[in-house]
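Peer 1: Please read through the structure below; I'll follow up with questions.
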Amino acid sequence: MTAIQAHFRAVAPPVVLMGAVLVLWQVACWAYPHPEPGPVSVAATLLHLMGKAYFWHNAAATGRSFLLASGISIAVGGALGLLIGSSRLLSWYLAPLLMIFQTVPKITLYPIVLELFGLGMAPKVAFGVMHGVIPVYFITSRLVAGVRKVLLRSARVMRLGAAERFYFVIVPAILPDMIATLRVSVALCLLGVLIGEMFASHSGLGFMAVNAINLGDTPVTLAVGFFLAFMAVGINTLLLYCEHKLRH
Amino acid sequence: MTENGQTDVPCVELRQVEQRFTTRKGGNVHALGPLDLTLRRGEFLSIVGPSGCGKSTLLDILSGLARPAAGQALLNGQPIRGVPDGVGIVFQEDASFGWLTVENNIAFGLKRRGLARDDIAARVEHALDFMGLRRFRTSYPSQLSGGMRQRVCIARTLVMRPSLILLDEPFGALDQQTRLLMGDELLRLWRETNATILLITHSLDEAVMLSDRIGVMSARPGRLIKLVETGWPRERDSTVVSSPHYGDLLSEIWAPLRAESNHHMAANNA
Ligand SMILES: Nc1ncnc2c1ncn2[C@@H]1O[C@H](COP(=O)(O)OP(=O)(O)OP(=O)(O)O)[C@@H](O)[C@H]1O
Ligand SMILES: [Mg+2]
């Protein structure tokens, strides 16, 4: 088996599974006639939408907010995780507070976010970060705390300082698992951004979806959902591929 | 220098060294000592002792990873504070870096120390040959057996050319034949580099075969209960097993160890 085949084998199953679900759904629609649209008609609606400039305008708005929210979540959450994971003192003080924040449904903070960020891109990004940052922090801190002590002890005996141990041992030791973390947390960032768009914005796919819901336009709602699902699978596949490349 | 290459300058001096730990539940474990031991510069000393008697704890103190709770640990006459220069250690557990190939694992410490590329390459080549790892140079540790991973760790320590080499049961994961061959290689390296070696081993054969002196430790808290001089010449290898003196030495260290191990088992069952 070549390397390419091996990587392909790692990423193909979810794609195959998604295809199978779509086929089953379409078969079910044909077998039991139903007012809700099946994949084929949703796909037709999506193709139609994809011919429109406003669709791409909204998709780009969501994409920008999503990328920004993911970047901030990874940078801030990762830094918090590395710090708190390697310091017992910090973890005593901060870890419980961060976990409490995680259990708060973010939508209840909507008035505060609106107050702080107004309407537009900022509140969407804020919602994305609020959803993504704690999982990144939490898993990173667990991964750092879980690096086998004997690896760090070896590095100390080879006279690596704290910064070198961090860069040459801790970071590479946790990197493959970090990518797995990112797969979870960027999905949450996307969710947060969409929530932001539904409540605090006049652009983006979340805004389009909520408009379609309000108008009772099921095909458009589902078409936006489909498009987001494809994007999510694409991102997930890309990260899965990176993770697979990093593992030995 | 004496005839077998040793000098009288002590490399390591331990005076009444003790170690205690606080357990998670707040209990107090007296893990080691009080222990007195002097390592002569250039000697090969092995330590045997019942499981849990504090052998790894002792190496932690010598490598500067842990401070003793009481007593003094000196290296070349200086108290050990932090990790001293020139000390190499091979841990009991697998310490290979999973994200690096065999050759990059071996080169790791050398690169951090900023040695010239050519020098690093030459030392790595030598170590690959020495440890029989040439075929696996581009493999990752997960693709190797436990014994080969341990060889990677030994190589990674030896390429740094430490003057004090601490080995914690380094051949534990190797088969008997490889163990014997590795022992011979270690002796050769010891002669060539004039390093001082402290070897922790569970194998009495290995201790007798390789060492100038053998220390026997008591059950926890480990103290030194016997120190045996083997009297082997510096030029020696695994063929010493056929010497008549070999059996005498074995029984000399087995007698106190047997008593301690019985004691240890009884204490653990109580
Ligand atoms: N960090 C620690 N906290 C509490 N107890 C410890 C700690 N490290 C070691 N001990 C205890 O100290 C004693 C000595 O441990 P050590 O690992 O030095 O034994 P050892 O002689 O190397 O054993 P083995 O032959 O099994 O490797 C053991 O009883 C162990 O449980
Ligand atoms: Mg041990």
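Peer 1: Of the accessible area of chain B, with the probe set at 1.4 angstrom, what percent is carbon plus sulfur?
Peer 2: After summing per-atom areas, the C and S share lands at 49 percent.
Peer 1: Quick check: Cα centre of segment A:183-224 to Cα centre of segment B:9-24, how many Å?
Peer 2: 64 Å
Peer 1: Hey, what D do you get for segment A:4-86 in µm²/s if you plug the Kirkwood alpha-carbon radius into Stokes-Einstein at 20 °C and 1.002 mPa s?
Peer 2: 126 µm²/s
Peer 1: Taking the solvent-accessible surface of protein heavy atoms with a 1.4 Å probe, what is the per residue accessible area of the protein assembly as shown in Å²?
Peer 2: 49 Å²
Peer 1: Which semi-axes, in whole Å and largest first, does the equivalent ellipsoid of segment B:1-148 have when worked out from the alpha carbon gyration tensor as the square roots of 5 times its eigenvalues?
Peer 2: So the three semi-axes of segment B:1-148 are 32, 22, 15 Å.
Peer 1: Continuing with this model, one more query. Can you sort A:127, A:199, A:8, B:136 by 1.4 Å-probe accessible area, starting with the largest?
Peer 2: A:8, A:199, B:136, A:127
Peer 1: Now a separate question. Taking H placed 1.01 Å from N in the peptide plane, check which residues at least 5 places from residue B:226 or on another chain put their amide H under 5 Å from its amide H.
Peer 2: B:216
Peer 1: Follow-up question, since we're still on this one. Over 31 Å between Cα atoms, which of A:52/A:124; A:149/A:245; A:149/B:25; A:106/B:25; A:245/B:111; B:25/B:55 qualify?
Peer 2: Listed pairs above 31 Å: A:106/B:25.
Peer 1: Charges at C-beta only: +1 for Lys and Arg, -1 for Asp and Glu. How large is the resulting dipole of chain B about its Cα centre, in Debye rounded to 20?
Peer 2: Computed about the Cα centre, the dipole is about 980 debye.
Peer 1: Rg/Rh for segment A:97-171: what does it come to with C-alpha atoms and Rh from Kirkwood?
Peer 2: 1.23
Peer 1: Plugging the Kirkwood radius over Cα pairs into Stokes-Einstein for the protein assembly as shown, at a temperature of 10 °C and a viscosity of 1.306 mPa s, what D comes out in µm²/s?
Peer 2: 58 µm²/s
Peer 1: Further question: Taking amide H atoms as placed 1.01 Å from N in the peptide plane, list the residues 5 or more away in sequence, or in a different chain, whose amide H sits under 5 Å from that of residue B:47.
Peer 2: B:199, B:200, B:201, B:215
Peer 1: To check you understand DSSP bridge types, tell me what percent of the beta bridges within chain B (both residues inside) are antiparallel, rounded to 5.
Peer 2: Expressed as a percentage, antiparallel bridges in chain B total about 55.
Peer 1: Compute, for chain A, the length of the dipole vector about the Cα centre, with Cβ point charges of +1 (Lys, Arg) and -1 (Asp, Glu) only. Units Debye, rounded to 20.
Peer 2: Dipole of chain A, to the nearest 20 debye: 1220 debye.
Peer 1: Could you state the orientation-averaged shadow area of the convex hull built on the Cα atoms of chain B, in nm² to one decimal?
Peer 2: Spelled out: convex hull of the Cα atoms, projected over all directions, averaged, 15.5 nm².
Peer 1: Say we join alpha carbon atoms closer than 10 Å with springs in a Gaussian network model of chain A; which of A:206, A:19, A:38 then has the biggest fluctuation?
Peer 2: A:19
Peer 1: Can you give the calculated 222 nm mean residue ellipticity of the protein assembly as shown, where each DSSP H run of n ≥ 4 adds -39,500 (n - 2.57) and the sum is split over every residue, rounded to the nearest 500 deg cm²/dmol?
Peer 2: -19500 deg cm²/dmol
Peer 1: Which of B:19, B:92, B:143 moves the most in a Gaussian network model of chain B with Cα springs under 10 Å?
Peer 2: B:143
Peer 1: Using a 10 angstrom cutoff on alpha carbons, build the Gaussian network for chain A and name the most mobile of A:220, A:15, A:42.
Peer 2: Sorting by GNM fluctuation, first place goes to A:15.
Peer 1: For the B and A pair, go ahead and give the buried accessible area with a 1.4 Å probe, both sides summed, in Å² to 100.
Peer 2: 1900 Å²
Peer 1: Whose amide H sits under 5 Å from the amide H of residue B:11, counting only residues 5 or more places off or on another chain, with H placed in the peptide plane?
Peer 2: B:39, B:40, B:41
Peer 1: Then there is this: Go through segment B:88-103 residue by residue and turn each phi into a ³J(HN,Hα) via Karplus (6.51, -1.76, 1.60, θ = phi - 60°); whole Hz please, and just put x for glycine and proline.
Peer 2: Once θ is set to phi - 60°, the couplings for segment B:88-103 become x, 9, 10, 7, 5, 8, 5, 10, 5, 8, x, 8, 10, 5, 3, 5 Hz.
Peer 1: Taking the Cα centre of segment B:1-112 as origin and charging only Cβ (+1 Lys, Arg; -1 Asp, Glu), how large is the dipole, in debye to the nearest 20?
Peer 2: For this selection, approximately 500 debye.
Peer 1: Here's a follow-up. Across segment A:218-233, in residue order, what do the Karplus-derived ³J(HN,Hα) couplings come to in whole Hz, using 6.51 cos²θ - 1.76 cosθ + 1.60 with θ = phi - 60° and x for Gly and Pro?
Peer 2: Result, rounded to whole Hz: 4, x, 5, 4, 5, 4, 5, x, 4, 4, 4, 4, 4, 4, 4, 5.
Peer 1: Further question: Which order, highest average first, do B:102-109, B:114-121 follow once you tally other Cβ atoms within 10 Å for each residue and take the mean per peptide?
Peer 2: B:102-109, B:114-121
Peer 1: Against the empirical 2.2 N^0.38 Å scaling, what ratio does the C-alpha Rg of segment B:117-209 come to?
Peer 2: 1.07
Peer 1: If you roll a 1.4 angstrom probe over the protein chains with everything in place, what fraction of the accessible area of chain A belongs to carbon and sulfur, to the nearest %?
Peer 2: Reported share for carbon and sulfur atoms: 74 percent.
The values are calculated or read from the model by the stated rules, or taken from the named source; none is laboratory data. The structure displayed is predicted, hence computed values, not measured ones. We place every Cβ from the backbone using ideal geometry, glycine too, and count neighbours over all the protein chains shown. Accessible surface areas use protein heavy atoms only, side chains included; no ligands, DNA or RNA. Shrake-Rupley method; radii C 1.70, N 1.55, O 1.52, S 1.80 Å.
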